[in-house]
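Mind having a look at this structure? Questions to follow.
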Amino acid sequence: MSGGPTSRASRPPPRIHWPWVLTIVRIALVIPVVALTLRETDASSWFAFAAFAVAALTDGLDGFAARRYGLVSEAGQQWDPIADKILVLASMAGLVVVGRFPLWAAVVIVAREIAVTILRFVASRRGRVFGASKTGKLKTGAQLVAVLLFILPRDTVPGWAEVTALWVAVGLTVLSGAQYFARSSSLLGNDAR
């Protein structure tokens with residue numbers, strides 16, 4: 001019937017590739033987040049918090065837009081986690097510089113992200129895609145929450161909340177990294193080491 005709803009398959013693609021726009025916005029917001037964090041005033045911390053929160057929201061929105069408009073792609077699946085890493089690691093580095101985030105936790109998170117990024121690169125060179133695991137998605141969420149809490153002006157959040165968020169983020173970071181490497185031999189084939 002001509003009056004019925006249009007199926008998703010027959011819907012024309014949008015003129016704007018919203019998942020890519022949101023990913024680019026997430027990366028672009030890193031600059032004000034870091035710059036404002038380094039200013040170390042309460043006002044700049046609140047603005048950094050707002051910018052980081054908007055950037056974090058785009059992480060869920062780009063995936064939703066990709067599925068909604070049928071724009072899921074291998075490139076998008078690779079760039080989405082890269083954008084997340086840029087946002088989290090750059091913001092975390094700014095916090096470490098001003099003494100607001102523990103260096104040891106930053107080292108653990110950076111080491112895991114580098115290792116998994118290398119693993120994903122090797123997989124892509126062999127025609128395999130390392131999709132994000134459920135633990136990996138939880139890890140990203142936990143890291144975003146932890147960094148968000150540490151960006152806030154000092155004494156805005158109780159210390160126990162910051163510590164809890166930090167340990168959850170670090171724990172999920174290590175666990176998800178271990179799971180990726182446990183999956184690597186089956187995903188990369190018998191020649192994976």
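By how many nm would the segment from L38 to A93 grow when fully extended, if each residue of separation counts as 0.36 nm and the alpha-carbon distance is taken off?
18.8 nm is the gain from fully extending L38 to A93.
Now for a different question. Please give the FRET efficiency for W46 paired with A115, using the beta carbon to beta carbon distance and R0 = 45 Å, rounded to the nearest 0.05.
So, using R0 = 45 Å, E works out to roughly 0.85.
What is the spin-label model distance, in nm, from L138 to I31 if the labels are put 7 Å beyond Cα along the C-beta direction?
That separation, rounded to one decimal, is 3.7 nm.
A further question follows. When Lys and Arg each count +1 and Asp and Glu each count -1, what net charge do the other residues less than 11 Å away from D155, Cβ to Cβ, add up to? Numbers along the way, then the final one.
Values: positive: R154; negative: D42, E162.
Spelling it out: positives minus negatives among the neighbours equals -1.
Something else: Need the full-extension length gain, A106 to L57, defined as separation in residues times 0.36 nm minus the C-alpha distance. One decimal, nm. Please list the in-between numbers first.
Numbers: separation 49, 0.36 × 49 = 17.64 nm, distance 2.22 nm.
Fully extending the segment from A106 to L57 adds 15.4 nm.
So if each residue of separation counts as 0.36 nm, and I subtract the Cα-Cα distance between A178 and R128, what length gain in nm does that give?
Stretched out fully, the A178 to R128 stretch lengthens by 16.1 nm.
Every read-out reported here was derived from the displayed coordinates using simple, explicitly stated rules and does not represent laboratory data. The structure displayed is predicted, hence computed values, not measured ones. So basically every Cβ, Gly included, is an ideal-geometry build from the backbone, and we count neighbours across all protein chains shown.
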